[in-house]
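Report on the following structure.
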Amino acid sequence: MVEFARAVFAERDLQPTFDALLTRANVDPGDAGALIDLSTILQLVGQRDQGLALQADALVRQRWYRRPIGTGKGPRLLAIAAAGDMMANTPVEFLLAGWNGVLDHLYLAPGEPPPAEIPDHDLAILTVGESDSGAAILAGLSETLARWPRPILNGSAAAIRDLRRDLAAERLAGRPDIVAPPVLRVTPDDLGRLAAGAPPAELLPGCAWPIIVRPVGSHAGTGLAKLDDATAVAAYRAEQGAEAFYLSPFVDYRSPDGRFRKLRVALVAGRPFIVHLAISDHWMVHYLNAGMAEDAAKRAEEAQVMASFDTGFAARHASAFAALHGAFGLDYFAIDCAEDREGRLLVFEPDTAMIVHDMDPPELYPYKAPAMHKLFAAFQALVNQRAGA
């Protein structure tokens, strides 16, 4: 996946590669690996449904796929993964950039146990991310993981399930160094009550206007809205066709200069590593919509925060990061976060499947590669140590 993602990110032409894979699949209908690669390319270029259809076809034929990383001489890592799109699993291939070993992906589907035969390995990692579709896979894995014959990273299906926005907020509630706004999963009918004039506190005690609403399962701000009153809820409900939504109070986390700053931080064995800092004039901050590429001053600030992260942001929130690690007990996960106006760590979302990468152009972001490689090195050291390498 990584080489295809790098090519798309750099706007290189993947058509020759796609054509060669298509020829392979046509010549040998049993070449499920070609189908998996074709599926990945289609998803990366925005043809998600077509890509997932090819993936489903491939997984009917074969459930596990081997990919040497680097020299291929090193530990054998088995990723227990969910069938699905690019957001379904921990981005383990990116985390292994520069590593030497073998990566196997074993794909599972809801309601189906792992195959009786699995590739031999030194270490496994549960990469299935928290989602409604992933929940069914995770629910069936608890007993299997308890009997797993090899060491396993992120081996608690229950802990990954508890990363769900509403459950995570409950788990983090009351911790003095963390602000985790309460989250309630609601139905369209619940939104209808708000649209008819019910106050938000009727659904979520203590909540007042404005509120934040997003469809369950959405990412990168899709369907996310700040609603100021019943009229806004009515308009939102008319536009959205989702079956379930997350509702939470709006927290104004503007910095003194009026801008909003949101960080992505990954925790490896409890140690925090910065992934990026996005700076925006709008409360809905995502790295791709923050205008970082167009603003040298924003990039300069991000570079400074990245360079001083260990002695700055991470040090200020050391107890909060320790509490996060203790709350979920996972070997690896990431959070989107900020600082609130009192300087506390404001946690928007924890997840094992957040995208981390080192693909940003070095001519614009020369400071990013060192920070990302520091994260990757820590993850790889954990893999090697747990694999006994």
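Nothing in this text is a laboratory measurement; each read-out follows from the coordinates by a stated rule. Predicted model only: the values in this text are computed from it and were never measured. In this analysis, Cβ positions are derived from the backbone assuming ideal geometry, glycine residues included, and neighbour counts consider all displayed protein chains.
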(message) Below 8 Å between Cα atoms, with a sequence gap of 6+, how large is the relative contact order for segment 76-200 in percent?
(response) 23
(request) Could you give me the percent of Cα pairs per 5 Å distance bin for segment 8-56, shortest bin first, beginning at zero and ending with the bin that holds the maximum distance? (result) 5, 24, 30, 26, 12, 3, 1
(message) Loop-only trypsin sites (Lys or Arg not before Pro) in segment 16-95, please: DSSP not H, G, I, E or B, and at most 11 other Cβ atoms within 10 Å.
(response) 73
(request) Using only the alpha carbon atoms of the chain, find the Kirkwood hydrodynamic radius as the inverse mean reciprocal pair distance, in angstroms to one decimal. (result) 22.3
(message) Could you tell me the relative contact order of segment 260-387? Use alpha-carbon pairs under 8 Å, at least six residues apart, and round to a whole percent.
(response) 29
(request) Please get the size of the charge dipole for segment 182-249, origin at its Cα centre, with Cβ charges of +1 on Lys and Arg and -1 on Asp and Glu, quoted in debye to the nearest 20. (result) 140
(request) Averaging over all projection directions, find the projected area of the Cα convex hull of segment 109-164 and quote it in nm² with one decimal place. (result) 3.7
(message) Viscosity 1.567 mPa s, temperature 4 °C: give me the Stokes-Einstein translational D for segment 296-389 in µm²/s, with Rh taken as the Kirkwood radius over C-alpha pairs.
(response) 86
(request) Among 149, 138, 211, flag the residue with its Cα farthest along the positive direction of the charge dipole of segment 84-219, charges on Cβ as +1 for Lys/Arg and -1 for Asp/Glu. (result) 211
(request) List every DSSP H helix in the chain whose Cα atoms extend 24 Å or more along the helix's own long axis and whose mean Kyte-Doolittle hydropathy is at least -1.0. (result) 368-387
(request) Identify the GluC sites (Glu not before Pro) of segment 102-166 meeting these criteria: DSSP loop state and at most 13 other C-beta atoms within 10 Å of the C-beta. (result) 117
(message) On a straight-distance basis, which lysines could pair with residue 262 in a cross-link, Cα separation under 24 angstrom, same-chain partners fewer than 8 positions away excluded?
(response) 226, 298, 368, 374
(request) For segment 2-155, restrict the atom set to alpha-carbon positions and state the Rg and Dmax in Å. (result) 15.5, 45
(request) Could you work out the relative contact order of the chain, using alpha carbon pairs under 8 angstrom and six or more residues apart, expressed as a whole percent? (result) 15
(request) Could you bin all the Cα-Cα distances of segment 102-205 into 5 Å bins starting at 0 and give me the percent of pairs in each, rounded to whole numbers? (result) 2, 10, 16, 17, 13, 12, 10, 8, 6, 4, 2, 0
(request) For segment 76-132, just say rounded, prolate or oblate: build the C-alpha gyration tensor, square-root its eigenvalues into a ≥ b ≥ c, call rounded for a/c under 1.5, and beyond that prolate if a/b exceeds b/c, oblate if not. (result) oblate
(message) Can you say what percent of the DSSP beta bridges in segment 36-167, counting only those with both residues inside, are antiparallel? Round to 5.
(response) 35
(message) Restricting to bridges with both residues inside the chain, how much of the DSSP beta-bridge set is antiparallel, in percent to the nearest 5?
(response) 70
(message) Can you give me the Kirkwood hydrodynamic radius for segment 200-341, using every pair of distinct Cα atoms, in Å to one decimal?
(response) 17.0
(request) Hey, could you grab the Kirkwood Rh for segment 182-249? Inverse mean 1/r over distinct alpha carbon pairs, Å, one decimal. (result) 11.5
(message) If I take all pairs of Cα atoms in segment 291-348, what percentage of them are more than 13 Å from each other?
(response) 70
